[in-house]
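Data block below; observations after.
No value in this document is a laboratory result; all are computed from the given coordinates. This one's a predicted model, so the numbers in the text were calculated from it and none came from an experiment. Positions of Cβ are backbone-derived with ideal geometry, glycine not excepted, and every protein chain shown enters the neighbour counts.
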Amino acid sequence: MSTIRKTITLTDQQGAWIKDRINEGYFTNDSEYLRDLIRRDQERHSDIERIRQALIQGEQSGMSDRSPDDIIQAVIKRQQTSGEL
């Protein structure tokens, strides 16, 4: 994977925050910290998009004839089967 060199400007407080994370052993350098932030943001965006698509699919599927209790039980059963619960 190729890399691109970027120059960024931070406040003193932001720079100190990154330095503290490095000094505490969470990261080895500034770049590692910033790449971690970007990865987390990418994951968050992906999660939001997945939820958005599920909501759209739910809206397009129409009204359910199942009761709320039936739906809850189906979710619990699905999670137990998949090992999520």
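In contact (Cβ under 8 Å) with a residue 24 or more places away in the chain and either touching a strand residue (DSSP E or B) at 6+ places or on another chain (Cβ under 8 Å) or assigned to a helix (DSSP H, G or I) (or both), is that true of residue 55?
When the stated conditions are applied, residue 55 does not pass them.
Report the residue count in the stretch 22-75 for those that are of a type in the set (Gly, Ala, Ser) and closer than 30 Å to residue 5 by Cβ.
Summing the residues that are of a type in the set (Gly, Ala, Ser) and closer than 30 Å to residue 5 by Cβ in the stretch 22-75 gives 3.
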